[in-house]
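In what follows, a single structure is set out as structure tokens and then discussed.
The values are calculated or read from the model by the stated rules, or taken from the named source; none is laboratory data. Source: prediction; values computed, not measured. Don't worry about glycine lacking a Cβ; one is built from the backbone with ideal geometry, like all the others, and counts go over all protein chains shown. The protein model used for the area step is the full one, side chains on, heavy atoms only, and it has no ligands, DNA or RNA in it. Shrake-Rupley method; radii C 1.70, N 1.55, O 1.52, S 1.80 Å.
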Amino acid sequence: MVSDIEPVETAWQGKWICVRKQGRWEYVSRTRGSRAVVIVAIDDDDHVLLVDQYRVPLGRRCLELPAGLVGDDHADDTPELAAVRELEEETGYTASDLQNLGEYQSSPGLVTEGFTLVRLRGLTKIGEGGGIDGEDIVVHRVKLADIPAFVAAKRADGVAIDVKLLLLLAGTLLG
């Protein structure tokens, strides 16, 4: 058992992440303490916005909910502000209604990173999206009822599926 009084050692540190060790546990943390925001953006016609982009650790594209960092190069940032900013950057949509759905941990046995889940509604297309700095983000507007088939088709095409998409698939997987 690891106690809070066991020292935390830094085994390796880069510009963005570090590997830490406490007792027998090894885990990864962000170096600047930034947090993430994950966005469930649903339009008035019950379509959800998804994105896919190449993810170096996976060596392939990954289908995901839009997401980004809170506080990364933005003073006085909040999850809500970051959600609207990231939605605009990644998808080209903005939102007029938002709801903070709480904090969640990404992979608590491996990383300290968690995320705030934010639901955005009242969507308006204001641009092309696609991300910044060569992110090459592809935007998908998918009817909620079609999500299971869309995810299955992407998986069959070799696209990785982010675990947070289980949020949209739960009804079909559980019964």
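Looking only at residues of region 10-58 that are surrounded by 15 or more Cβ atoms within 10 Å (Cβ to Cβ) and assigned to a loop (DSSP other than H, G, I, E, B), we find that the one that is nearest to the chain's Cα centre (by Cα) is SER34.
Going by what's in this entry, would GLY129 be described as in a loop (DSSP other than H, G, I, E, B) and in contact (Cβ under 8 Å) with a residue 40 or more places away in the chain?
On the way: in a loop (DSSP other than H, G, I, E, B): yes; in contact (Cβ under 8 Å) with a residue 40 or more places away in the chain: yes.
So GLY129 fits the description; yes.
Report yes if some residue within region 134-150 is under 18 Å from the mean Cα position of the chain (by Cα), within 21 Å of ALA67 (Cβ to Cβ), open to solvent by 80 Å² or more (accessible area, probe 1.4 Å) and at pLDDT below 95; otherwise report no. Within region 134-150 (the criterion being under 18 Å from the mean Cα position of the chain (by Cα), within 21 Å of ALA67 (Cβ to Cβ), open to solvent by 80 Å² or more (accessible area, probe 1.4 Å) and at pLDDT below 95), the answer is yes, since at least one residue qualifies.
Set side by side, the residues LEU120, LEU165 differ, and just one is in contact (Cβ under 8 Å) with a residue 24 or more places away in the chain, part of a strand (DSSP E or B) and open to solvent by less than 70 Å² (accessible area, probe 1.4 Å), which is LEU120.
Checked against (1) out of contact with any Ser or Thr (no Cβ under 6 Å at 6 or more places or on another chain); (2) surrounded by fewer than 19 Cβ atoms within 10 Å (Cβ to Cβ), GLU88 meets all criteria but (1).
Flag: GLY114 matches the condition of being touching a strand residue (DSSP E or B) at 6+ places or on another chain (Cβ under 6 Å), open to solvent by less than 50 Å² (accessible area, probe 1.4 Å) and at pLDDT below 95. A count restricted to region 59-85 and to residues that are over 28 Å from ARG155 (Cβ atoms), open to solvent by less than 50 Å² (accessible area, probe 1.4 Å) and charged (D, E, K, R) stands at 3.
Can you name every residue in region 151-160 that is open to solvent by 30 Å² or more (accessible area, probe 1.4 Å) and hydrophobic (A, V, I, L, M, F, W, C)?
In the first step, residues of region 151-160 are kept if they are open to solvent by 30 Å² or more (accessible area, probe 1.4 Å); the result is 152-158.
Those that are open to solvent by 30 Å² or more (accessible area, probe 1.4 Å) and hydrophobic (A, V, I, L, M, F, W, C): ALA152, ALA153, ALA156.
Determine if region 90-105 includes at least one residue that is under 15 Å from the mean Cα position of the chain (by Cα), under 22 Å from HIS47 (Cα atoms), in a helix (DSSP H, G or I) and at pLDDT 95 or above. Yes; the residues of region 90-105 include at least one that is under 15 Å from the mean Cα position of the chain (by Cα), under 22 Å from HIS47 (Cα atoms), in a helix (DSSP H, G or I) and at pLDDT 95 or above.
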